[in-house]
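Q: Here it is, the structure in full.
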Amino acid sequence: MSTPVSEPLNKPLSAAASKSRRRPLRFPWLLVYAIGYLIFLYLPVLLLPLFSFNDGTIVAFPMKGFTLKWYAQLGEQDTLLQAMVNSLIVGAVTALVATSLGLFAARAYVRYRFRGRELSEGLVMLPLVIPGIIVASSMLVLFISLGLKPSLTTVILGHVFVALPFAVSIMKSAFDDFDQSLEEAAFDLGESVIGTFRRVTLPIVAPGIVASLLVTFTVSFDEFVLAFFLSGNQPTLPVYIWSQIRFPAKLPNTLALGSLLLLASVLLLLTAEYFRRRSAKSA
Amino acid sequence: MAGFLRTEAGKGLVLSAPASLYVGFLVAAPLGILVAYSFWTQTYVEIDKTLTWANYLEAATDPLVRHLLLRSILIAAAVTAATVALAYPIAYFIAFRTHKKTLWLLLITIPFWSSYLLRVFSWKLVLGFNGVMNSALISMGLITEPLTFLLYNEFAVVLTLAHAWAPFAILPIYVSLQKIDRSLLEAATDLGLTKLERFIRVTLPLSVPGIIAGSLIIFIPTVGDYVTPSLVGGSQGKMVANLIQVQFGPANNWPLGATLSLVAMASVGFVAILFVILATALGRRIR
């Protein structure tokens, strides 16, 4: 965070703004505000890792000594490990299904003009704006009515639903930057439709696919409300954490687990961002 | 048929069909069943499928339902207003006052990618009676007794959600500010507007679409938020989602739960449409 701090007020963008720059040193209120805002955004999140190393069971200052025991204890908890496995399965399947659906849909939206395109584009974004509790409760009722018991399968069905808008928008921007004449050239040189897709289209949008897989995996991995309603007796990691939050004695372990999850999410997302940028550059 | 599949329209439809059918089915089917349930009643485990308005009557007359629904909408409105107001200067800063746009956008979105549950949980730790804030203030000697008004009330809910939704407000507002044609701003200055006038009469109205988008994407999910009121809301901060969860969980009254979900959704839709109409009109007026 030190880079933007040391950065002087940047070159203004318009002539109007450059007029104001000629005035003697104006106090950069907005920059100060922006930095304050960043602190507001980061401070609570960074508390989890900070106190996960604290040798005490209460989250308060002054901190006691440094310890790694809360992390060490995590490995001994079987229900936690089972929840972790559940989350990994759900996340992986969700990522695969949502990204495949998103890949085809995004290709259609970017490449073809057809009746109902706007309707369809609006529809797949709908999961973003329906309150979670309503999605969760209505899906529970639906699945029970269809004879599907709450399980990892129902969680996956729900997670694909909420992850789809993310997959579609990432894949759309990947196809946006894609030069169609490459496909036409391959076609003219005698490749089949499938051959063109596999040997020309796929390699070019591959970074977008990786980004979409990572993002949808993270969305599923962190999702709580749907999993809470739909997981039955197969808790995912967030559902497990929810069950632990109530016990003050378990607090340090929850902090350690939470910190690991934070780290995993951020690493996954930064990797996704890297691939997304690469897909934009390669085009 | 085979001919249609080779046309542009055919290919587009076929490729987009799996996604739209999936979402379409999972929106329509649960909604349909929810509607059906809302006209049924439940005694213990038996569902009585005689159609009745009883659940709607109960939802309309029960003061607790009305109270929680109203409070959810008010809290969501407060959260939306607070988030947008706090976010606007940041969006403005990124759009007009810095060249490191990508870095700033990344910095703002990173915390949002951590688990929502964990972010809410950390606010509980910050605001608690023996929490981080109180213990820090005490060890600095600023207060002697822990502050009790921090946690378990509406304030805690609004603060936590204003934090959780930050990028959802910043990004759309930033996009609409970024789109503004800079020559319009120059023209405004050349025509003698002061900076404040220029902001109020040019920049702000042109960013209204971003404000509307950000507000909706925050307001709608917030009305139905479950985690935040449960963790930091206490009894004062409970919202309608908590009541819905009780019906599907401990109280085991699915028909009433279904009714409450539908009523909540309808209220959200109504308020959202009202807001869009008002904001659009206001945006036109100040111009």
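Q: Of (1) hydroxyl-bearing (Ser, Thr, Tyr); (2) within 12 Å of another protein chain (Cβ to nearest Cβ); (3) touching a residue at least 40 places away in the same chain (Cβ under 8 Å), residue B:56 satisfies all except one. Which?
A: Condition not satisfied by residue B:56: (2).
Q: Grab the helices (runs of 4 or more DSSP H) fully contained in region A:22-127, keeping just those with 3 or more residues being over 27 Å from residue A:213 (Cβ atoms) and in contact (Cβ under 8 Å) with a residue 12 or more places away in the chain.
A: Passing ranges, in order: A:29-52, A:69-74.
Q: Wholly within region A:190-283, which helices (runs of 4 or more DSSP H) include no fewer than the required count, namely at least 2 residues that are touching a helix residue (DSSP H, G or I) at 6+ places or on another chain (Cβ under 7 Å)?
A: In region A:190-283, the matching helices (runs of 4 or more DSSP H) lie at A:202-222, A:225-230, A:237-245, A:251-282.
Q: Then there's this: Here are B:262, B:184: which of them is in contact (Cβ under 8 Å) with a residue 40 or more places away in the chain, out of contact with any Cys (no Cβ under 8 Å at 6 or more places or on another chain), in a helix (DSSP H, G or I) and at the interface with chain A (Cβ under 10 Å from one of its Cβ atoms)?
A: Going through B:262, B:184 in turn, just one is in contact (Cβ under 8 Å) with a residue 40 or more places away in the chain, out of contact with any Cys (no Cβ under 8 Å at 6 or more places or on another chain), in a helix (DSSP H, G or I) and at the interface with chain A (Cβ under 10 Å from one of its Cβ atoms): B:262.
Q: Let me ask something additional. Residues being within 7 Å of chain B (Cβ to nearest Cβ) and touching a residue at least 24 places away in the same chain (Cβ under 8 Å): count how many of those fall in region A:129-151.
A: Qualifying residue count, region A:129-151: 5.
Q: Looking only at region A:75-84, which residues are aliphatic (A, V, I, L, M) and surrounded by 14 or more Cβ atoms within 10 Å (Cβ to Cβ)?
A: Hits for region A:75-84 are A:80, A:83, A:84.
Q: Another one. Restricted to region B:1-48, and to residues that are of a type in the set (A, V, I, L, M, F, W, C) and not in a helix (DSSP H, G or I), which residue is farthest from residue A:145 (Cα to Cα)?
A: Taking region B:1-48 and keeping what is of a type in the set (A, V, I, L, M, F, W, C), we get B:1-2, B:4-5, B:9, B:13-15, B:17, B:19, B:21, B:23, B:25-29, B:31, B:33-36, B:39-40, B:45, B:47.
Subsequent filtering for residues that are not in a helix (DSSP H, G or I) retains B:1, B:39-40, B:45, B:47.
Numbers: B:1: 35, B:39: 15, B:40: 14, B:45: 14, B:47: 12 Å.
Ranking the qualifying residues of region B:1-48, first place goes to B:1.
Q: A follow-up question, please. Out of B:82, B:77, B:95, report the one residue that is out of contact with any Phe, Trp or Tyr (no Cβ under 9 Å at 6 or more places or on another chain) and at pLDDT 90 or above.
A: Unique residue meeting the criteria: B:82.
Q: Do the conditions hold for residue B:117, that is, is it at pLDDT 85 or above, within 7 Å of chain A (Cβ to nearest Cβ) and in contact with a helix residue (DSSP H, G or I) (Cβ under 9 Å, 6 or more places away or on another chain)?
A: yes
Q: Hey, can you tell me all the residues within region B:206-248 that are assigned to a loop (DSSP other than H, G, I, E, B), over 13 Å from the mean Cα position of the chain (by Cα) and closer than 17 Å to residue B:162 by Cβ?
A: Of everything in region B:206-248, those that are assigned to a loop (DSSP other than H, G, I, E, B), over 13 Å from the mean Cα position of the chain (by Cα) and closer than 17 Å to residue B:162 by Cβ turn out to be B:233, B:237, B:239.
Q: Oh, and also: Just to be sure, is residue B:190 within 28 Å of residue B:81 (Cα to Cα), at pLDDT 85 or above, surrounded by fewer than 20 Cβ atoms within 10 Å (Cβ to Cβ) and out of contact with any strand residue (DSSP E or B) (no Cβ under 8 Å at 6 or more places or on another chain)?
A: no
Q: I need the full set of residues from region A:202-232 which are free of Cβ contacts under 8 Å to residues at least 24 places away in the same chain and of a type outside the set (A, V, I, L, M), in order please.
A: Selection gives A:203, A:224.
Q: Same structure, new question: Scan region B:191-227 residue by residue and report those that are within 8 Å of chain A (Cβ to nearest Cβ) and acidic (Asp, Glu).
A: Result: B:225, single match.
The values are calculated or read from the model by the stated rules, or taken from the named source; none is laboratory data. Since we're looking at a predicted model, the values are computed, not measured. We place every Cβ from the backbone using ideal geometry, glycine too, and count neighbours over all the protein chains shown.
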